[in-house]
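Novice: Once you've had a glance at the structure underneath, I'll fire off some questions.
The values are calculated or read from the model by the stated rules, or taken from the named source; none is laboratory data. None of these values were measured; they are calculated from a predicted model. We place every Cβ from the backbone using ideal geometry, glycine too, and count neighbours over all the protein chains shown. With ligands, DNA and RNA removed, areas are computed over all heavy atoms of the protein, side chains included. Shrake-Rupley method; radii C 1.70, N 1.55, O 1.52, S 1.80 Å.
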Amino acid sequence: MSGMDITTTSGGCCSTPEGSPCCAAKPKPKDYMKVLRTPWTITLLVPVLVLLLDRSQALPLSVFAIKAFLSTLPYLIFAVLLIALLKAAGAESAIRRAFEGRETEAIVLAALFGGLAPFCSCQVIPFIAGLLAVGTPLSAVMAFWLSSPLIDPPTLLITAAALGWPFAIGKAVAAVALGLFGGFAVKMMLAGGAFATPLKQVGSGGCGCGPSGFRGKPVWRFWQEGQRRAVFSQELKLNALFLIKWLALAYVLEAVLVTYVPAELIARTVGGEGVVPIVAAAIVGMPAYLNSYVAPPLLAGLIEQGMSTGAAMAFMIAGAVSSIPAMAAVWSLVRPLVFATYLGLGIFGAVIAGVIFQYIV
């Protein structure tokens, strides 16, 4: 599968017979500097620096990061198992065919389902990786990606309790609308030739001779064939290590933000009335960590102190769509143009939602 793989070639080194010159590449000497430049270095170094510079916060910061990672672990396990299963069964082509001529329906369903899925901007990463890996259209993935962190039934009720039903309903409508807008915007960009290869590859790309994956009808009982078992094992290992590496980094960065740059401090800088504070709230809110359960009461207090409802809406949407931790994980998955498009759609959608909400409610 070209362009849409996040993993290395399936079925061994490449598709040629084992023992051919292609698969006889000489091992390269280990580059230790390259090892040090991996996300693991930052993930391990940050707690050490906090221990040295601010000993009292070292344990709370580490516990926060570990708990946050463990909360995502069930989603990660499910996504990794699903990717490995579909790769070993050779189901990518069948999934792509299922979407042919149905891209519009896929975008609508993804935006609606995203409004019900209980994922934050980091928890959705394993599912985005899985959807892209098996050939789901980027437009539908973008719709789900934008809408899923914004609202879910528990968040809806918490938002209504803290900010009122108009705000809660407005956020729910904005979540689905942003998903639809992003999905159809990407669909038009795809029609214009953009995003030919949206994904980065995990690790080595093999020796690069021949297509990856199996052809023909999917074989769901993959364990009955040695080659497919090998592919399942390889895909499971590669994708598990890849997602664990980047999500661990994401949650360490999140812990640092929560500890040293609280969302309340950031939100206080975007008070005032008019369009300018709404734009500022979206821009400032995008990199900030904004927990969907903590944000409503926090913003309720800031609105009482003079923050406009439009700025509060923009800040909440932008903060839920992404954050510095989530950006780190997203950057690991997709190429720069897809990354920039995701952020641009998120900020633009947050501003529009804030302006509309301010002048309607």
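Novice: Going by average Cβ neighbours within 10 Å, how do the peptides 172-182, 45-55, 240-250, 330-340 rank, with the highest at the top?
Specialist: Answer by packing, highest mean first, reads 172-182, 240-250, 330-340, 45-55.
Novice: Given an 8 Å cut-off on Cα distances and at least 6 residues of separation, report the relative contact order of the range 301-361 as a percent. Please report the intermediate quantities before stating the final value.
Specialist: Values: 34 pairs, mean separation 35.0, N = 61.
Computed over the range 301-361, the figure is 57 percent.
Novice: Determine the share of the range 125-188's accessible area contributed by carbon and sulfur atoms, expressed in whole percent, with a 1.4 angstrom probe. Intermediate values should be presented prior to the final figure.
Specialist: Details: 1520 of 1780 Å².
Heavy-atom surface of the range 125-188 belonging to carbon and sulfur, 1.4 Å probe: 85 percent.
Novice: For a quick check: with amide H placed at 1.01 Å from N, whose amide H comes under 5 Å from Leu199's, ignoring anything fewer than 5 positions away on the same chain?
Specialist: Under 5 Å from the amide H of Leu199: Arg335.
Novice: So for each of 74-84, 132-142 I average, over its residues, the number of other beta carbons within 10 Å; can you give me the resulting order with the highest mean first?
Specialist: Numbers: 74-84: 18.8, 132-142: 24.2.
Ranked by mean Cβ neighbours within 10 Å, highest first: 132-142, 74-84.
Novice: Going down the list Lys200/Lys237; Lys67/Lys245; Lys87/Lys217; Lys217/Lys237; Lys67/Lys171, which pairs span over 21 Å between their C-alpha atoms? Kindly include the intermediate steps, with their values, before the conclusion.
Specialist: Values: Lys200/Lys237 17 Å; Lys67/Lys245 16 Å; Lys87/Lys217 12 Å; Lys217/Lys237 25 Å; Lys67/Lys171 28 Å.
Over 21 Å Cα-Cα: Lys217/Lys237; Lys67/Lys171.
Novice: Moving on to the next point. Report the accessible area of Trp223, computed with a 1.4 Å probe over the heavy atoms of all protein chains in place, in Å² rounded to the nearest 10.
Specialist: Roll a 1.4 Å probe over it and Trp223 shows about 140 Å².
Novice: Could you check the simple spin-label distance between Thr41 and Thr197, using points 7 Å along Cα→Cβ, in nm with one decimal?
Specialist: 2.5 nm
Novice: Report the gain in length on full extension from Ile360 to Leu59: 0.36 nm times residue separation, minus Cα-Cα distance, nm rounded to one decimal.
Specialist: Numbers: separation 301, 0.36 × 301 = 108.36 nm, distance 4.61 nm.
Separation in residues times 0.36 nm, less the Cα-Cα distance, equals 103.8 nm.
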